[in-house]
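The structure appears right after this line, and notes come after that.
The values are calculated or read from the model by the stated rules, or taken from the named source; none is laboratory data. In this text, all values refer to a predicted model and were calculated from it rather than measured experimentally. Positions of Cβ are generated from backbone atoms using ideal geometry, with glycine treated the same way; all protein chains shown enter the neighbour counts.
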Ligand code: NOJ
């Protein structure tokens with residue numbers, strides 16, 4: 001959940017914690033096991049809240065700690081667990097320790113908590129290296145006294161120095177702070193980049209890009225030392241009953257992911273492989289096979305993601321020809337090529353039903369349960385993502401998936417709240433409103449509810465058996481207990497395997513399911529075999 005865009009209780013145009021609390025019945029009806037809240041901490045919103053001023057408080061525009069406790073209580077009352085985001089690679093430039101660091105000057109103990117470096121040249125007028133930040137532009141920022149600080153993301157996000165014991169201790173305090181308030185788990189932002197080796201000479205950006213590094217050592221990506229940090233965190237998680245859980249956002253090669261997901265570490269790691277795939281049977285099957293094998297090796301369960309607050313929504317990705325450069329397409333206003341909206345939704349529903357049939361944890365992103373497409377034509381003046389400015393207008397960024405949700409088909413901000421929403425909703429959002437889809441047996445919301453409810457019954461144990469003798473374009477597997485998931489990614493119908501159809505991403509009503517004799521194109525069905 002991206003809290004600023006979920007529900008706004010006080011009409012200031014920004015979603016807030018009481019807004020979420022008021023919508024807990026929606027989450028309960030959806031059937032989710034847990035809610036992951038992206039950052040709601042005090043922040044200037046230089047990066048949608050991932051620029052954290054104070055990790056142990058709530059942004060006053062979003063609520064209070066007491067309102068956070070109310071939200072946790074409301075979710076727990078429905079058996080829904082709570083996961084909060086921990087942002088350990090960087091703070092914001094308004095964090096107390098960063099302000100102290102700036103005031104204290106070069107060489108001070110205050111600067112040692114961050115990654116400050118002397119600039120090159122007689123007066124330190126040149127950056128310590130030519131590294132580029134993820135959002136574009138240089139990764140070093142001068143502070144006017146010959147020192148520069150490292151920010152792998154926006155300049156408002158100075159990187160912490162994880163060699164500093166106070167930094168390590170402070171994050172343990174943060175983990176306990178939220179665990180003591182009843183939080184069940186944590187999503188760890190940029191989990192692969194905390195520990196750094198900045199010994200001289202620093203490699204050049206070209207060497208980083210080409211991977212031609214001394215001994216193959218990357219100065220900040222996926223260094224082994226980061227796992228010491230997570231072993232210490234695991235000890236904190238185990239102080240609680242039940243132990244707290246965590247999931248790493250670690251952009252590392254698949255074979256390195258298990259280290260983050262290990263039971264001695266964070267316990268689980270996102271894989272974004274499905275999110276990168278085209279809706280293609282071969283790609284989907286390969287990705288699933290590989291990730292299930294990796295999860296088995298590391299003694300964890302796999303994760304699946306099709307959409308999140310950082311990417312173009314999957315209903316839109318699948319509406320475009322494979323290989324479309326999405327950022328270039330957004331820059332063109334989202335019309336060239338024209339998205340095939342119906343096909344995108346059909347494929348998105350089929351893909352979601354496929355992943356909900358898999359063993360492991362599926363992470364859904366708010367609004368996908370409504371089949372929401374990306375808002376591709378936001379005006380430049382409305383954009384908030386630092387990517388837009390930092391890339392000098394060559395990448396529009398991630399705002400199109402962060403437009404506030406439509407709850408009703410009419411009224412102020414389509415039920416999001418009484419004020420003008422912080423990102424404008426297009427008129428067509430009304431067609432996707434929760435209110436429209438409630439009680440509508442063929443809606444995307446009904447599909448998600450049914451799939452999630454069935455999944456809870458069909459889920460364990462976490463094994464899967466592939467069907468190999470299937471038509472081209474079909475992904476089919478059996479789960480224990482005699483149920484089968486079959487996805488037809490081709491456009492022509494294929495025969496259905498044996499069994500009673502209990503769910504389809506296409507025809508949805510009981511009557512339609514009973515009459516289904518073949519599987520339409522771009523559709524997933526779940527079947528239960530007579531032996532069960
Ligand atoms: C990943 C988060 O999901 C993204 O929204 C953020 O911009 C970066 N990490 C930096 O914190």
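Rundown of residues vs (1) over 24 Å from the mean Cα position of the chain (by Cα); (2) surrounded by 15 or more Cβ atoms within 10 Å (Cβ to Cβ); (3) part of a helix (DSSP H, G or I), yes/no style:
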site: 209; (1), (2), (3): yes, no, yes
site: 215; (1), (2), (3): yes, no, yes
site: 220; (1), (2), (3): no, yes, no
site: 223; (1), (2), (3): no, yes, no
site: 227; (1), (2), (3): no, yes, yes
site: 246; (1), (2), (3): no, yes, no
site: 251; (1), (2), (3): no, yes, no
site: 255; (1), (2), (3): no, no, yes
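Looking at (1) within 16 Å of the ligand (Cβ to nearest atom); (2) closer than 17 Å to residue 86 by Cα, which is the only condition residue 137 fails?
Checking residue 137 against (1) within 16 Å of the ligand (Cβ to nearest atom); (2) closer than 17 Å to residue 86 by Cα, the one that fails is (2).
How about segment 1-115: which helices (runs of 4 or more DSSP H) wholly inside it have at least 3 residues that are free of Cβ contacts under 8 Å to residues at least 40 places away in the same chain and more than 30 Å from residue 446 (Cβ to Cβ)?
In segment 1-115, the matching helices (runs of 4 or more DSSP H) lie at 96-104.
Only one of (1) more than 26 Å from the chain's Cα centre (by Cα); (2) within 21 Å of residue 307 (Cβ to Cβ); (3) touching a residue at least 60 places away in the same chain (Cβ under 8 Å) is not met by residue 441, so which one is it?
Every listed condition holds for residue 441 apart from (2).
Would you confirm whether or not segment 175-192 contains a residue that is farther than 30 Å from residue 83 by Cβ, out of contact with any helix residue (DSSP H, G or I) (no Cβ under 8 Å at 6 or more places or on another chain) and surrounded by 21 or more Cβ atoms within 10 Å (Cβ to Cβ)?
The answer is no, given that none of the residues of segment 175-192 is farther than 30 Å from residue 83 by Cβ, out of contact with any helix residue (DSSP H, G or I) (no Cβ under 8 Å at 6 or more places or on another chain) and surrounded by 21 or more Cβ atoms within 10 Å (Cβ to Cβ).
Would you pick out the residues in segment 156-204 that are assigned to a helix (DSSP H, G or I), away from the ligand (no atom under 16 Å from the Cβ) and within 22 Å of the chain's Cα centre (by Cα)?
Listed by number, the residues that qualify are 175, 178, 179.
How many residues are touching a residue at least 60 places away in the same chain (Cβ under 8 Å) and touching a helix residue (DSSP H, G or I) at 6+ places or on another chain (Cβ under 9 Å) when one looks only at segment 459-482?
Adding up the residues that qualify gives 10.
Checking residue 311 against (1) more than 11 Å from residue 368 (Cα to Cα); (2) more than 16 Å from the ligand (Cβ to nearest atom); (3) crowded, with 18+ Cβ neighbours inside 10 Å, which test does it fail?
(2)
For residue 266, work out the one condition from (1) within 16 Å of the ligand (Cβ to nearest atom); (2) modelled with pLDDT under 95 it doesn't fulfil.
Exception for residue 266: condition (2).
Quick check on my filter: what residues within segment 361-402 are in contact with a helix residue (DSSP H, G or I) (Cβ under 8 Å, 6 or more places away or on another chain), outside any loop (DSSP other than H, G, I, E, B) and either in contact (Cβ under 8 Å) with a residue 40 or more places away in the chain or away from the ligand (no atom under 16 Å from the Cβ) (or both)?
362, 368, 369, 370, 380, 382, 400
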